[in-house]
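The values are calculated or read from the model by the stated rules, or taken from the named source; none is laboratory data. Note that the structure is predicted; figures quoted are calculated from it, not measured. Cβ placement follows ideal geometry from the backbone for every residue including glycine, while neighbour counts extend to all protein chains displayed.
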Amino acid sequence: MDSTAESLLAAQGQAEDLFNASVASGIMRPGIRESELSDAIDVLARERYGLRRHWHRRVVRSGPNTVLTYYDGPSDRILEDGDLVVLDFGPVFGEWEADYGRTYLVGADPLKQRLIADVEAAFRRGKAHALADPSITAGSLYDYVVGLAREYGWQFGAATAGHLIGHFPHEPNRADRHFVIEHGNTVPIHERDSQGRPRHWILEIHFVDPAAGLGAFVEELLTL
């Protein structure tokens with residue numbers, strides 16, 4: 001494994017640890033606002049890792065806000081008992097970025113627990129599908145995971161399902177749609193960069209039921 005891969009995996013491991021510590025701390029509870037939860041996790045990240053920056057804005061969504069995309073600007077909800085809560089953070093550990101997303105349930109609800117289980121299972125299947133096909137394109141991977149949403153009885157909640165990840169700050173062409181997992185993109189996932197180095201991608205799975213106001217999200221490294 002090359003040093004880039006090792007650094008990306010280490011950054012993701014720290015992000016996972018941060019989320020686990022946030023849950024264990026009890027700050028994710030009914031009565032706290034989404035913005036307050038976001039700030040509390042950021043404080044924890046600064047205390048635990050000396051974290052000083054995130055490469056994208058911190059996203060905390062609860063209840064019906066979980067059906068919205070990253071680009072939407074919902075109201076700042078107060079968490080309620082029984083809420084689904086989506087966390088999507090992009091912490092930068094040293095010079096390496098993580099992009100990590102998970103969904104949690106405040107309380108207990110069988111349908112919402114099934115949604116979380118389904119989106120996590122779909123992530124594993126999407127990753128396995130991509131790694132097993134050396135010629136898979138970003139567009140065909142997107143279409144595959146959208147099909148998984150239908151298979152599990154949900155809708156896919158976004159027009160994209162991931163992107164490149166790497167060293168911080170990003171390479172200049174990072175914003176190019178060429179490097180996004182979306183319908184119609186013919187870029188091979190396993191294509192190497194101009195220097196012959198492997199590219200690494202993030203996979204994002206977002207399942208929703210808009211009518212019921214339910215959404216769940218999982219995001220982490222695809223190619224590692």
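Points worth noting:
- The residue that is farthest from the chain's Cα centre (by Cα), among those in the range 131-161 that are part of a strand (DSSP E or B) and more than 12 Å from ASN185 (Cα to Cα), is GLN155.
Yes/no matrix, rows are residues, columns are (1) within 15 Å of the chain's Cα centre (by Cα); (2) within 21 Å of ALA161 (Cα to Cα); (3) among the aromatic types (Phe, Trp, Tyr):
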| residue | (1), (2), (3) |
| --- | --- |
| ILE27 | no, no, no |
| ASP39 | no, no, no |
| LEU68 | yes, yes, no |
| TYR71 | yes, yes, yes |
| ASP76 | no, no, no |
| LEU87 | yes, yes, no |
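- Checking GLY126 against (1) assigned to a loop (DSSP other than H, G, I, E, B); (2) under 17 Å from the mean Cα position of the chain (by Cα), the condition it does not meet: (1)
- The range 167-185: number of residues that are at pLDDT below 95, out of contact with any Asp or Glu (no Cβ under 7 Å at 6 or more places or on another chain) and not hydrophobic (A, V, I, L, M, F, W, C): 9
- The range 121-142, residues that are surrounded by fewer than 16 Cβ atoms within 10 Å (Cβ to Cβ) and touching a residue at least 40 places away in the same chain (Cβ under 8 Å): LEU131, PRO134, SER135
- The range 184-206 residues that are under 19 Å from VAL218 (Cα atoms), paired with ones that are among the acidic types (Asp, Glu) (beta carbon under 8 Å, 6 or more apart): ILE202/ASP99; ILE202/GLU219; ILE202/GLU220; LEU203/GLU219; LEU203/GLU220; GLU204/GLU219; ILE205/GLU219
- Selected residue (criterion: surrounded by the most Cβ atoms within 10 Å (Cβ to Cβ)) from residues of the range 9-47 that are among the polar types (S, T, N, Q) and farther than 14 Å from VAL86 by Cα: GLN12
- Restricting LEU87, LEU79 to residues that are in contact (Cβ under 8 Å) with a residue 24 or more places away in the chain, crowded, with 19+ Cβ neighbours inside 10 Å, of a type in the set (A, V, I, L, M) and out of contact with any Lys or Arg (no Cβ under 6 Å at 6 or more places or on another chain) narrows the list to LEU79.
- First in the range 2-22 and under 17 Å from ASP88 (Cβ atoms) and among the charged types (D, E, K, R), second anywhere and modelled with pLDDT under 90 and in a helix (DSSP H, G or I), Cβ under 9 Å, 6 or more apart: ASP17/ARG48; ASP17/TYR49
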